[in-house]
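See below for the structure under consideration.
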Amino acid sequence: MCRTFPAIRYFPLTVTGMCVKTHTEAGDKMFINICHTPEVPAPEDISEEALVEIWMSEDHSSFRVPLSIGEGHAEVDKGS
């Protein structure tokens with residue numbers, strides 16, 4: 001007999017970083033929560049000169065910053 005199990009979702013433990021408050025073009029408030037975890041690796045360690053060279057080039061794809069983005073969701077604003 002085969003049994004099926006629901007998909008297991010994995011959420012890494014994160015460390016609080018900061019919350020950035022900004023506004024949409026329509027004027028609505030938006031908060032961006034930034035956190036970090038050792039489970040998402042750091043970008044390649046390169047010199048500032050090498051980074052500037054990549055930035056000034058036509059192809060920026062040689063430098064990547066690993067990241068994980070969660071689903072956005074609405075919350076009730078506290079009014080400030």
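Could you give every pair whose Cβ atoms fall below 8 Å, whose first residue belongs to segment 32-43 and is under 12 Å from Ser68 (Cβ atoms), and whose second residue is assigned to a loop (DSSP other than H, G, I, E, B) and among the small types (Gly, Ala, Ser), counting only separations of at least 6 or pairs across chains? So the pair list comes out as Val40/Ser68.
Among the conditions (1) modelled with pLDDT under 85; (2) surrounded by 10 or more Cβ atoms within 10 Å (Cβ to Cβ), the only one that Ile8 does not satisfy is (2). Within segment 21-50, being surrounded by 10 or more Cβ atoms within 10 Å (Cβ to Cβ) and at pLDDT 90 or above holds for Ile46, Ala50.
The values are calculated or read from the model by the stated rules, or taken from the named source; none is laboratory data. Since we're looking at a predicted model, the values are computed, not measured. Cβ sites come from the backbone with ideal geometry, for glycine too, and all protein chains shown count toward neighbours.
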